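Taken together, the values in this text are just the output of simple stated rules run on the coordinates, not laboratory data. No experiment lies behind these values; they were computed from the predicted model shown. Positions of Cβ are backbone-derived with ideal geometry, glycine not excepted, and every protein chain shown enters the neighbour counts.
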Amino acid sequence: MRKLWVVGAIGSSLVLAACGVSATIDQAISSVGASPNLQVQLTASATGTGASKAESILNALTVNMNYASTTGGPIDQSTGHVNSEVTINNKSQTMFDVRQIDANVYLRIDVNAYASLPTVTLSTQQLTDLQLAIGDRWFEFTPASLASDVPTSTISPAQTSKVRIAERAGLDALSALVDSSPYTTLPNGGYSQTGTLNSVVKAVQPAIASYLGKPFTPSNVKGNYTIGITMSGASATGGSIAITVPNGINGNGTVDVHAAITHDNEPITTPSGATIITKAMLSQLIAQAQGATSSLG
């Protein structure tokens, strides 16, 4: 859950850097976490020859992220005191709902909603088995169950530090690239910028080489990116990123992701009747789910 928030914050930071005006950047970034409540809705599309399968799936999917400070203060000042909920939706149906409330994590899966996605094929027996095993009910993971059920990471502190340093260097390089590139002011408020994917690769090349401990010399990367930010006054209301790459002899293919940002008071509630997961129960559920493997068409 926290990782999704970090990803969203990173994306917003890079998009907002396109304005090239430090004061406006600071105000816009601050506006994202300046309220006790934050909602981000992600939608995506794919266009170009051969993109029909991806387009049919992306058209059906939305991701909603909801964050609420438990202190009543701004989210960016409530570290460790923010409840969160992430839902992945197939049109009007919620396929996956994950909530983090205090120290507990809650999960609900709707197998029928997943099975109705384009290109997903499940036999009647597979659907029945999965629905019986995990479908349409809440599971609760407490700190104790998470500690015993989730495998312990084998990544050393030194490795973790190395990864974080590389991530920070890469993000700094991307921010500098975006901030130094030309941008366009949008008529209704906000900014847009287009650049080459090769410039992105060159910007992060030193960070990747440092992490690998050896030279990193990728070949020329073809394609372009376009990032945008919409604003109301000094507040960010949305962002987007589109990546266009050559699609062989068939022209170009584009993937476009949009984020809508709001600050509504949407409570994140504890589900009633959730089943508390134990290590034995988790093993049983995994075994049942493995017996009902889905196939993708």
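Worth pointing out:
- For T121, T230, order by how many other beta-carbon atoms lie within 10 Å, fewest first: T121, T230
- Alpha carbon centroid spacing (whole Å) that separates segment 250-281 from segment 70-124: 4
- Applying a threshold of 28 Å to the alpha-carbon distances of K162/K279; K53/K91; K53/K202 flags K162/K279; K53/K202 as lying beyond it.
- For A274, nonlocal amide neighbours, meaning residues 5 or more places apart or on other chains whose placed amide H falls under 5 Å from its own, do not occur.
- For the peptides 205-214, 265-274, the ranking by mean Cβ contacts within 10 Å, running from highest to lowest, is 205-214, 265-274.
- Taking each residue as 0.36 nm, the span from D102 to N250 lengthens on full extension beyond its C-alpha to C-alpha distance by 48.2 nm.
- Under-5 Å amide H pairs with M231, H placed in peptide plane, nonlocal only: G190, T237
- Cα Rg, Dmax, segment 32-104, angstrom units: 15.8, 50
- 17 Å reach of a label modelled at S181, 7 Å along Cα-to-Cβ, counting backbone N of segment 258-281: 258
- Rounded, prolate or oblate (a/c below 1.5 giving rounded, otherwise prolate when a/b exceeds b/c) for segment 89-140 by Cα gyration tensor: oblate
- Segment A280-T217, extension gain: residue separation times 0.36 nm, minus the distance between their alpha carbons: 17.8 nm
- Using 0.36 nm per residue and subtracting the Cα-Cα separation, the extra length available between L61 and T49 on full extension is 2.3 nm.
- Under the simplified labelling scheme, the Q205-T71 pair shows an inter-label distance of 4.4 nm, with each label point 7 Å from Cα along Cα→Cβ.
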